[in-house]
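Student: To start, I am sharing the structure in question, which I have written as structure tokens.
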Amino acid sequence: MKVLSRQELMNILYGCAIYGTGGGGSLTDGIDMIEEALAAGKEFKLVTFEELDPDVLIGCPYGCGAISPHSEEEIRKYARLPLAKENYFCLATKQLEDFCRKPLSAIISTELGAHNTATALYVAAMTDKLIVDGDPAGRSVPALQHSTYYLHGVPMTPISVMNKFGEGAVFTSIVDDERAEDLVRALAVVSQNNIAVVDHVNTAAVLKDAVINGAISLTEKVGGAFLKAREEGSDAVEAVLKAGSGKKMFEGTVVKSCFETRDGYTFGDTYIEGSGRCAGHTLRIWYQNENIISWLDDEIYVTVPDLICVFDMDNIEPQLNPYARVGEKVSVICLPAPAEWTTPRGLEVFGPKFFGYDIEYKPFI
């Protein structure tokens with residue numbers, strides 16, 4: 001077991017913001033959650049599966065919904081509803097434990113995203129549980145079925161959901177993971193586009209071979225390299241490329257950024273005019289919460305499951321969707337897809353065709 005320091009936690013969150021590929025939630029909000037737990041004197045205890053008893057229960061808490069800013073209409077719509085007095089992710093966890101009549105011993109992140117990973121870390125710290133060094137996505141992903149749990153047939157149920165108004169429910173059975181996505185997303189839509197979820201409750205023995213082991217340690221390594229280079233005034237993006245075995249895609253200036261919130265997702269496009277070695281070329285990135293497909297001069301370029309990661313070079317920060325600014329200087333890199341997503345089954349679940357593009361995946365790296 002390793003008790004994570006504040007610096008290691010910041011490394012993890014920055015690494016998750018990079019692996020979030022534009023999604024995974026707000027880095028600022030994630031940092032606030034970690035600071036709250038630290039101020040409360042809580043510890044963040046990271047363990048491997050080898051350190052866990054095979055029979056202990058592990059839960060997977062996260063947020064589901066759109067990542068767009070709330071419109072004035074949306075704010076007015078929910079103004080009459082009082083907020084829950086406790087953190088709703090912790091409430092969702094307690095609701096699930098009550099249903100199972102057995103406590104969870106450990107928590108695992110649902111994806112590598114600055115807010116969703118912070119949520120898992122926060123829930124573990126605030127409820128005195130262990131944090132497992134693993135992840136069922138190896139990046140941020142748009143839908144609930146985009147997980148290695150799904151590839152391995154690990155059931156999602158029971159699923160505990162809780163919105164920030166303290167309204168909760170437990171799904172005891174579902175047809176499949178795609179149906180779970182529909183059900184949970186529908187509740188998010190009527191909960192100001194955000195709802196807490198805790199699912200895939202199972203033993204360490206079952207989950208050990210159904211996730212990407214060491215994922216949290218990887219984000220700590222990559223995020224640490226980024227922050228160290230930035231602090232020293234060296235090339236932070238180059239540091240990420242080296243630490244994450246990535247490859248440079250593009251550099252330039254944002255010339256157009258547009259998005260819409262639909263069906264509980266944020267859909268959008270970012271258009272970048274090239275500079276330097278990319279001068280005379282244009283890159284378009286389409287996202288569904290996360291960066292999914294890119295085009296270089298109208299030709300398909302990098303696609304999922306490879307990671308398309310954008311950096312705001314004006315502020316030297318990972319870029320969160322949909323906040324790219326016209327005139328912003330950006331650098332775009334690709335990090336390699338986790339091996340699980342490059343299998344025939346992985347590509348069926350999380351390749352370009354899932355998103356309606358009749359193209360074959362070609363690894364960029």
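Only the coordinates and a few stated rules stand behind these numbers; no lab work does. In this text the structure is predicted, and so the values were computed from the model without any measurement. Quick reminder, even Gly has a Cβ in these numbers, built from the backbone with ideal geometry, and neighbours come from all protein chains shown.
Student: Along the charge dipole of the range 2-213, pointing to its positive end and built from +1/-1 on Cβ of Lys, Arg, Asp and Glu, which listed residue (L104, V132, N194) has its Cα farthest out?
Tutor: Positive-most Cα among the choices belongs to N194.
Student: Arrange the peptides 76-86, 189-199, 45-55 so that the one whose residues have, on average, the most other Cβ atoms within 10 Å appears first.
Tutor: Result, highest mean first: 189-199, 45-55, 76-86.
Student: Turning to a different aspect of this structure: Can you give me the angle between helix 114-126 and the longest principal axis of the chain, using Cα atoms only, in degrees from 0 to 90, rounded to the nearest 10?
Tutor: In the chain, helix 114-126 runs at an angle near 20 degrees to the longest axis.
Student: Now for a separate question. Using a Förster distance of 22 Å, how high is the FRET efficiency between N213 and T343, based on the Cβ-Cβ distance and rounded to 0.05?
Tutor: Given R0 = 22 Å and the Cβ-Cβ separation, E is 0.85.
Student: Rounded if a/c is under 1.5, else prolate if a/b is larger than b/c, else oblate: which is the range 220-365, with a ≥ b ≥ c the root eigenvalues of its Cα gyration tensor? Spell out each step's value before the answer.
Tutor: Values: a/c = 1.61, a/b = 1.22, b/c = 1.32.
Judged from the Cα gyration tensor, the range 220-365 comes out oblate (a/c at least 1.5, b/c at or above a/b).
Student: Compute the distance in nm between two label points, each set 7 Å from the Cα along the Cα-to-Cβ direction, one at T157 and one at R277.
Tutor: Label at T157, label at R277, 5.3 nm between them.
Student: Taking the chain as a Gaussian network, Cα atoms linked when under 10 Å apart, which of S109, S140, S68 shows the biggest mean-square fluctuation?
Tutor: S68
Student: So, one more: Long-range amide H contacts for I131: which residues qualify at under 5 Å (H placed 1.01 Å from N, peptide plane, sequence gap of 5 or more or a different chain)?
Tutor: K45, L46, V47, I107
Student: Calculate, in whole percent, how much of the Cα-Cα pair population of the chain lies beyond 39 Å.
Tutor: On the way: 6965 of 66430 pairs.
In whole percent, the share of Cα-Cα pairs in the chain beyond 39 Å is 10.
Student: Using the Karplus curve 6.51 cos²θ - 1.76 cosθ + 1.60 with θ = phi - 60°, what ³J(HN,Hα) values do you get for each residue of the range 276-286, in whole Hz, with x for Gly and Pro?
Tutor: x, 5, 9, 4, x, 10, 10, 10, 10, 10, 9
Student: Oh, and also: What is the Cα centroid distance between the range 2-39 and the range 277-294, reported in whole angstrom?
Tutor: Using only Cα atoms to place each centre, the spacing works out to 26 Å.
Student: Right, something else. Expressed as an acute angle from 0 to 90° and rounded to the nearest 10, what is the orientation of the C-alpha long axis of helix 215-232 relative to the principal long axis of the chain?
Tutor: Rounded to the nearest ten degrees, it is 50.
Student: Turning to a different aspect of this structure: Looking only at T253, T219, T119, which one moves most when the chain is put into a Gaussian network model with springs between Cα atoms under 10 Å?
Tutor: T253
Student: Hey, another quick one. Tabulate in residue order the Karplus-calculated ³J(HN,Hα) for the range 57-67, using 6.51 cos²θ - 1.76 cosθ + 1.60 with θ = phi - 60°, rounded to whole Hz; enter x for Gly and Pro.
Tutor: Ordered by residue, 3J(HN,Hα) equals 8, 10, x, 10, x, 6, x, 10, x, 7, 10 Hz.
Student: Counting DSSP beta bridges with both partners in the range 2-213, what percentage is antiparallel, nearest 5?
Tutor: 75
Student: A further question on this structure: In percent, what relative contact order does the range 197-286 have, based on Cα pairs under 8 Å that are 6 or more apart in sequence?
Tutor: Once divided by the residue count of the range 197-286, the mean separation gives 16 percent.
Student: Could you derive backbone 3J(HN,Hα) for the range 96-109 from the dihedral phi with the Karplus parameters 6.51, -1.76 and 1.60 (θ = phi - 60°), listing whole Hz in sequence and x where the residue is Gly or Pro?
Tutor: So the J values, rounded to whole Hz, are 5, 4, 4, 5, 6, 6, 7, x, 7, 8, 8, 10, 10, 6.
Student: Under the definition of Cα pairs under 8 Å and six or more residues apart, what whole-number percent is the relative contact order of the range 244-355?
Tutor: It comes to 27 percent, rounded to a whole number.
Student: Pick from G166, G30, G41: which is most flexible by mean-square fluctuation in a GNM of the chain where alpha carbon atoms under 10 Å apart are linked?
Tutor: Taking springs between Cα atoms under 10 Å, the residue moving most is G41.
Student: Now a separate question. From the Cα gyration tensor of the range 2-213, with a ≥ b ≥ c the square roots of its eigenvalues, which class applies: rounded if a/c is under 1.5, or else prolate if a/b is larger than b/c, or else oblate?
Tutor: Details: a/c = 1.42, a/b = 1.16, b/c = 1.22.
The shape class here is rounded.
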